[in-house]
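Asks: Before anything else, here's the structure in question.
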Amino acid sequence: MNKELRVIVSGGGTGGHIFPAVSIANAIKSLRPDAKIKFVGAKGRMEMEKVPAAGYEIVGLPVRGLIRPLWSPKNIGVMIDFLKSRSLVKSIIKEFKPNVAVGVGGYASAPTLNAAYSMGIPCLIQEQNSYAGVTNKSLARKAKKICVAYDGMERFFPEERIVKTGNPVRQALLDNTMTKGQARQAMGIEAERPTILVIGGSLGARTINESIAAGIERFEKAGIQVIWQTGNYYAEECQRIAKEKNAVLVRPQAFISDMATAYRAADIVISRAGASSISELCILAKASILVPSPNVAEDHQTKNARALSDKDAALFVADKEAREKLVDTAISLIRDNAKIADMEKKVYQLAYRNSAEVIAKEVILLAEKSGEE
């Protein structure tokens, strides 16, 4: 294809949308170094910081989510912002002249892909979860290709447009080749001591944090190291509790910047069940205990988690049972090397390799076809 490749990528709101979007953009640039890529996000959301940090230009829209109940008068303002955003995207498209638009879910995807479709730009959406999000379901008939990570997605999308690709993961996770001992030393913890990594998603998780905080003495007594990402909102409280309990092995921190090393250091992982987290656990072959968030649309994290736990590739602890069961489940698992090895084997069998590259090729193919029409 001689024609210049110009791509709009939209979506965000959480790391679960942003990291795959950036991975897809990086894969496009790897395949087509001449490609011009512009991101469209929502003002005030995480993508406005993370995308520029990854080296890409981003434009923020005044778009936000619908307020429940749906008949709330406040949704009049939400719809006005949506229409403003759609108009702004049309101006961006006229100036940038993309030949393909990519949506990964999140507030910004809806006005962006709606505008692109209305202007004849071919669209591709990427659905990370096992239960399709509202935005992507609404965009399904406008997309020429729909990239998914789970079976059974024809419940939500036209089957002939579905491509099973898996979810992209951050390349840095795959590039890290440290041994477990090296990773622990790099993180300033003991190289030979059993280690648990606790992650609650990019924004933190109240139930997981409260469960770990209540179990600090049990971890210390069992001689288990805990690398504990609390999220910024919960960091101060968790650090205060750890200090009061004279914790030495349990180490709360707001954010882990080097997740690749943290994963390498861990024997097991305690995590929410967002799509990106699930994909990372699979590709890195990590035994895990999944505590799905109950505060997500259509309870999709439970469905994500069950996709692993039903195959004995992870353990499942319901959010409402976590305070009672999570710590004991973690201590029991980390002492069972045979169980860990079996879970690592089974979870790796569920991994998709090269997801970002596969999606990038679909994006490029769409652009090429649009150039021929």
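The values are calculated or read from the model by the stated rules, or taken from the named source; none is laboratory data. Since the model is a prediction, treat every value here as computed from it, not as a measurement. Backbone-built Cβ (ideal geometry, glycine too); neighbour counts: all protein chains shown. Side chains are part of the model used for accessible areas, which takes the heavy atoms of the whole protein and leaves out ligands, DNA and RNA. Shrake-Rupley method; radii C 1.70, N 1.55, O 1.52, S 1.80 Å.
Asks: Which residues, counting only those in the stretch 115-135, are modelled with pLDDT of 95 or more and either in contact with a Leu (Cβ under 8 Å, 6 or more places away or on another chain) or assigned to a helix (DSSP H, G or I) (or both)?
Replies: ALA115, ALA116, TYR117, SER118, PRO122, CYS123, LEU124, ILE125
Residue-by-condition table, conditions (1) part of a loop (DSSP other than H, G, I, E, B); (2) among the basic types (Lys, Arg):
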position	(1), (2)
VAL163	no, no
ALA172	no, no
GLN185	no, no
ILE189	yes, no
ALA213	no, no
ARG218	no, yes
TRP228	no, no
GLU237	no, no
ASN246	yes, no
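Asks: Related question: If I go through the stretch 61-97 residue by residue, how many of them are open to solvent by 10 Å² or more (accessible area, probe 1.4 Å) and not in a helix (DSSP H, G or I)?
Replies: So the count comes out to 13.
Asks: Residue by residue through the stretch 111-146, note down the ones that are among the small types (Gly, Ala, Ser) and buried (at least 21 other Cβ atoms within 10 Å of the Cβ).
Replies: Those that are among the small types (Gly, Ala, Ser) and buried (at least 21 other Cβ atoms within 10 Å of the Cβ): ALA115, ALA116, SER130, ALA132, GLY133, ALA143.
Asks: Still on this structure: Which condition number in (1) out of contact with any Asp or Glu (no Cβ under 8 Å at 6 or more places or on another chain); (2) modelled with pLDDT under 95; (3) more than 20 Å from ASN167 (Cα to Cα) is the one that ALA297 fails?
Replies: The failed condition is (3).
Asks: Let me ask another. I'm trying to understand the selection: among the residues of the stretch 35-53, which are surrounded by fewer than 17 Cβ atoms within 10 Å (Cβ to Cβ), of a type outside the set (D, E, K, R) and not in a helix (DSSP H, G or I)?
Replies: GLY44
Asks: For ILE270, indicate whether it is β-branched (Val, Ile, Thr), touching a Leu at 6+ places or on another chain (Cβ under 6 Å), at pLDDT 95 or above and buried (at least 21 other Cβ atoms within 10 Å of the Cβ).
Replies: It is false that ILE270 is β-branched (Val, Ile, Thr), touching a Leu at 6+ places or on another chain (Cβ under 6 Å), at pLDDT 95 or above and buried (at least 21 other Cβ atoms within 10 Å of the Cβ).
Asks: Take SER30 and tell me if it is under 15 Å from LYS361 (Cα atoms), within 13 Å of the chain's Cα centre (by Cα) and in a helix (DSSP H, G or I).
Replies: Here the answer is no, as SER30 does not meet what is asked.
Asks: Report, by residue number, each residue of the stretch 277-310 that is surrounded by fewer than 24 Cβ atoms within 10 Å (Cβ to Cβ) and either out of contact with any helix residue (DSSP H, G or I) (no Cβ under 8 Å at 6 or more places or on another chain) or closer than 19 Å to GLY106 by Cβ (or both).
Replies: Result: SER293, ASN295, VAL296, ALA297, GLU298, ASP299, HIS300, THR302, LYS303, ARG306, SER309, ASP310.
Asks: Any idea which of (1) in contact (Cβ under 8 Å) with a residue 40 or more places away in the chain; (2) of a type in the set (A, V, I, L, M); (3) surrounded by fewer than 22 Cβ atoms within 10 Å (Cβ to Cβ) is the one ALA318 doesn't satisfy?
Replies: For ALA318, the failing item is (1).
Asks: Starting from residues that are small (Gly, Ala, Ser) and open to solvent by 10 Å² or more (accessible area, probe 1.4 Å), keep the ones in the stretch 236-259 and report whichever is modelled with the highest pLDDT.
Replies: ALA247
Asks: Then there is this: For a quick check of your reading of the model, give me the residue pairs whose first member lies in the stretch 173-189 and is among the polar types (S, T, N, Q), whose second is open to solvent by 70 Å² or more (accessible area, probe 1.4 Å) and in a helix (DSSP H, G or I), with beta-carbon atoms closer than 6 Å and at least 6 apart or on different chains.
Replies: Every condition considered, the pairs that remain are ASN176/ARG264.
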